[in-house]
Amino acid sequence: RSKSAGRNCFTIYDEAMSAELEARNTLEGDLRDAIARCQLEVHYQPFMDATTGTRRGFEALVRWRHPARGLIPPDQFIALAEETGLIVPLGEFVLRRACADAANWPSDLMVAVNLSPIQFKEADLFDVICAALRDSGLSPQRLEIEITESVLLERGAENHAFMERLKHIGIELALDDFGTGYSSLSYLTAFPFDKIKIDKSFIRNLTHQPRSSAIISSIVTLARGLDMSVTAEGVETAEEFERLKALDVNFVQGYLFGRPLPIDQIELDESTERSQRDAA
Ligand code: C2E
Ligand code: MG
Ligand code: MG
Ligand code: MG
């Protein structure tokens, strides 16, 4: 009896596993097609100077316009893209699209692009970035690259040298999702970041947990000492914004200022539109 129960369990487990594998394979095939058929879109979310409230640039965030499932957010396919290596062509697509789009924006606006740790393992990443800049005509000073701490854990020396090369040509480097990973403060001193982006989980608790204020305040102090600026991501309320200004954060980003939008829906020249509205 126990033998057959065991066999049944095994069968069920096996079926569930193969169903999961099949779903995964379908998704992988679909994603491969999506890249080839240009079903990926880059949306843009503004980030602002916290003191002046003026817009400083946009972060490029990928979305997948699936023919049957609609718009799929990156959390549902980036991990798979990383496991299958598809992140390499996907990442190059986003980089090229973002540079080409930003080249048409007013020249005081930056564009921030997320790079996966997997892309860092590609020997030609520097050439890919240079080609994206050259082909779009975007000045390297207007490109910011966001990376997460995981890049610093592996191949530290190589990645450090690579980051120095990017900085040397004028590209800015941001440490994304700060505080969520294996945050070691020594990374901050060892790698040449221009900016730290504090993860939105800290912002969420800001207005009801004094501890969050203390953490953000320490990050700001630390960043100042290292000559880096600080962005708070995921700012949703005016109350959070006020608190962050008081804590001397340099940049803010979040739904309060704008959601990620397709390129044809972002207002590029707010001041012109405002004066046109005023004149009308
Ligand atoms: P991230 O780089 O930390 O991007 C910020 C995420 O927070 C975005 O989610 C954005 O839509 C969301 N967000 C912005 N403001 C708010 C807010 O006020 N409240 C809340 N709750 N969320 C807010 P999204 O677009 O779903 O992207 C998720 C993650 O996927 C990104 O996190 C990034 O790690 C990854 N990702 C997105 N695009 C790319 C890409 O082109 N390449 C790579 N490698 N990763 C990407
Ligand atoms: Mg980011
Ligand atoms: Mg982030
Ligand atoms: Mg993130």
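The values are calculated or read from the model by the stated rules, or taken from the named source; none is laboratory data. No experiment lies behind these values; they were computed from the predicted model shown. Backbone-built Cβ (ideal geometry, glycine too); neighbour counts: all protein chains shown. Heavy atoms of the whole protein, side chains included, go into the accessibility calculation; ligands, DNA and RNA do not. Shrake-Rupley method; radii C 1.70, N 1.55, O 1.52, S 1.80 Å.
Can you pull out every residue in the stretch 182-193 that is open to solvent by less than 40 Å² (accessible area, probe 1.4 Å) and within 16 Å of ligand 1 (Cβ to nearest atom)? Result: Phe193, single match. Being open to solvent by 90 Å² or more (accessible area, probe 1.4 Å) and either basic (Lys, Arg) or at pLDDT 80 or above (or both) is the filter here; which residues of the stretch 1-33 pass it? Once the filter is applied, which keeps residues that are open to solvent by 90 Å² or more (accessible area, probe 1.4 Å) and either basic (Lys, Arg) or at pLDDT 80 or above (or both), the stretch 1-33 yields Arg1, Lys3, Arg7, Glu20, Leu21, Glu22, Arg24, Arg32.
Strands (runs of 3 or more DSSP E) wholly in the stretch 38-149 with at least 1 residues that are within 12 Å of ligand 1 (Cβ to nearest atom), surrounded by 19 or more Cβ atoms within 10 Å (Cβ to Cβ) and touching a residue at least 24 places away in the same chain (Cβ under 8 Å) - which ones? Because the criterion is at least 1 residues that are within 12 Å of ligand 1 (Cβ to nearest atom), surrounded by 19 or more Cβ atoms within 10 Å (Cβ to Cβ) and touching a residue at least 24 places away in the same chain (Cβ under 8 Å), the strands (runs of 3 or more DSSP E) in the stretch 38-149 that meet it are 40-49, 55-66, 110-114, 143-147.
Of the numbered criteria (1) away from ligand 3 (no atom under 15 Å from the Cβ); (2) in a strand (DSSP E or B); (3) not acidic (Asp, Glu), the one Ala174 fails is (1).
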